[in-house]
1. Keeping all protein chains in position, work out how much accessible area Y53 exposes to a 1.4 Å probe, and write it in Å² to the nearest 10.
2. For R10, R49, give the ranking by accessible area with the largest first, probe 1.4 Å.
3. Report L42's accessible area, 1.4 Å probe, all protein chains in place, as a number in Å² to the nearest 10.
4. At what distance in nm do the modelled label points of N71 and D13 sit from each other, each positioned 7 Å from its Cα along Cα→Cβ?
5. Stretch D39-T56 to full length: gain in nm at 0.36 nm per residue minus the Cα-Cα span?
6. Heavy-atom accessible area of D13 with all protein chains present, probe 1.4 Å, nearest 10 Å²?
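The values are calculated or read from the model by the stated rules, or taken from the named source; none is laboratory data. Predicted model only: the values in this text are computed from it and were never measured. Every residue, glycine among them, receives a Cβ derived from its backbone with ideal geometry; neighbour counts consider all protein chains shown. Note: areas computed on protein heavy atoms with side chains; ligands, DNA, RNA excluded. Shrake-Rupley method; radii C 1.70, N 1.55, O 1.52, S 1.80 Å.
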Amino acid sequence: MSTGLDSGLRINDNSILVECEVDSKYQYKLVIYDNTFDDNPLEKVYAIRNIDYNITDGNKIANFIIKLEENNYDSKKVFRQLLRDYTKQFELILG
């Protein structure tokens with residue numbers, strides 16, 4: 001998928017990681033869409049900022065968010081279990 005001059009990294013069948021505009025305070029947007037329709041309507045957009053590339057990268061963060069989405073992150077038990085594994089790596093980005 002691409003919009004205008006922007007293109008992104010496909011994370012899975014229904015999400016793409018796109019760089020933000022030059023003047024944005026965010027670095028990336030994770031765009032999740034519904035691929036069961038022809039026009040792929042957007043479902044959610046997550047903004048990602050403050051990436052320390054010595055620790056991680058945008059792709060790993062996007063995969064983490066997708067894992068939360070797939071496991072119904074609104075469940076506190078699931079959310080805590082996943083965060084336990086990733087907190088040290090992503091705490092500044094997701095804080």
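1. Accessible area of Y53: about 120 Å².
2. I get R10, R49, largest accessible area first.
3. 110 Å²
4. Between N71 and D13, the simple spin-label model gives 2.1 nm.
5. Full-extension gain reported as 2.9 nm.
6. 120 Å²
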